[in-house]
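The values are calculated or read from the model by the stated rules, or taken from the named source; none is laboratory data. From a predicted model like this one, the values you see are computed outputs, not experimental measurements. Here the Cβ positions follow ideal geometry from the backbone for every residue, glycine too, while neighbour counts run over all protein chains shown. Ligands, DNA and RNA are excluded from the accessible area calculation, which covers all protein heavy atoms including side chains. Shrake-Rupley method; radii C 1.70, N 1.55, O 1.52, S 1.80 Å.
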Amino acid sequence: MCGRYASTRSDTDLQAVFDIAETVGEEVPPSYNVAPTQTVRTVLERAPSGDPESDAVRQLRSVRWGLIPSWAKDAKIGSRLINARSETITEKPSFKKAASRRRCIVPADGYYEWEKRDGGKVPYFLHTEGVLAMAGLYELWRDPTKAEDDENRWVWSVTVLTSPAADALGHIHDRSPVVLPPDLRASWLDPTVTDLGAVQDMLAAIPEPRLEPYEVSTAVNSVKNNSPELLTPV
């Protein structure tokens, strides 16, 4: 699973990497310890804000980490849906519609994972050169407690897809985020691709990520800790 990650790139950096046409929402401060339910930046393709009839454009948008299905009664379910198994997203009710029409990318510097040892769990930071483009799904949920004219009545949320970890990383944890290489990002974001069979084919074509892991301090265990020192190798 992916339960914590680092995201320190500025909007300017992400705009350049992902060829962003429209930026929505205030810039999110750098975080070395992103945790579930926090606001994060995502990359998606959608009609421009205020012009729903236009063609989709590449957006950088702020959303909440932890997907809230459109049918949910409240937002609490989001804290349990921070990840989605890529093998079943085209079947599970919580993810099926989003897999068809609302795919996205969650940019990261890298993510944390904990290896089980006899003495307890040991944290690692897994990363690669450049920005890690984690495959995700996003959803819009109407908050029934807010008025029709409340601009915050729609909650945007996201989940990170995971898959069985490659042998080189499996000793740390048996699952890892699905990482999109540059040549597959455009097709993953394309909202005109709605056939679930085509989505499964895209997932099958994504190669195993080549990530470098190194051990870090247990300070990352607490969401209260958020500083560059968390990325320092032990």
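Rounded to two decimals, the Cα radius of gyration of the chain over 2.2 N^0.38 Å is 0.99. Take the convex hull of the alpha carbons in segment 91-154; its mean projected area over all directions comes to 8.1 nm². With all pairs of different alpha carbon atoms counted, what Kirkwood hydrodynamic radius in Å does segment 112-234 show? The answer is 17.3 Å. Here segment 1-120 yields Rg over Rh of 0.99, to two decimals, using C-alpha coordinates and the Kirkwood radius. Across the chain, C-alpha contacts under 8 Å between residues 6 or more apart give a mean separation that, scaled by the residue count, equals a relative contact order of 22 percent. The residue among 49, 218, 144 whose Cα reaches farthest toward the positive pole of the charge dipole of the chain, with charges on the beta-carbon of Lys, Arg, Asp and Glu, is 144. Roughly how tilted is helix 196-205, in degrees to the nearest 10 and between 0 and 90, from the longest Cα axis of the chain? The two axes meet at around 30 degrees. A Cβ-based charge dipole, computed about the Cα centre of the chain with Lys and Arg at +1 and Asp and Glu at -1, lands at about 860 debye.
Segment 75-136 and segment 19-52 have Cα centres spaced 17 Å apart. The spread of Cα positions in segment 48-119, taken along each principal axis and listed from longest to shortest, comes to 57, 31, 25 Å. Helices in the chain, meaning DSSP H runs of at least 4 residues, each add -39500 (n - 2.57). Divided by all residues, the mean residue ellipticity at 222 nm is -4000 deg cm²/dmol.
Placing +1 on the Cβ of every Lys and Arg and -1 on the Cβ of every Asp and Glu, with nothing else charged, gives segment 21-129 a dipole about its Cα centre of roughly 620 debye. What is the local net charge at residue 24, summed over the other residues whose Cβ is closer than 12 Å to its Cβ (Lys, Arg +1; Asp, Glu -1)? Spelling it out: positives minus negatives among the neighbours equals 0. With all protein chains in place and a 1.4 Å probe, the accessible surface of segment 76-234 carries 49 percent carbon and sulfur. What you get for segment 120-234, charging only the Cβ of Lys and Arg (+1) and of Asp and Glu (-1), is a dipole of about 360 debye around the Cα centre.
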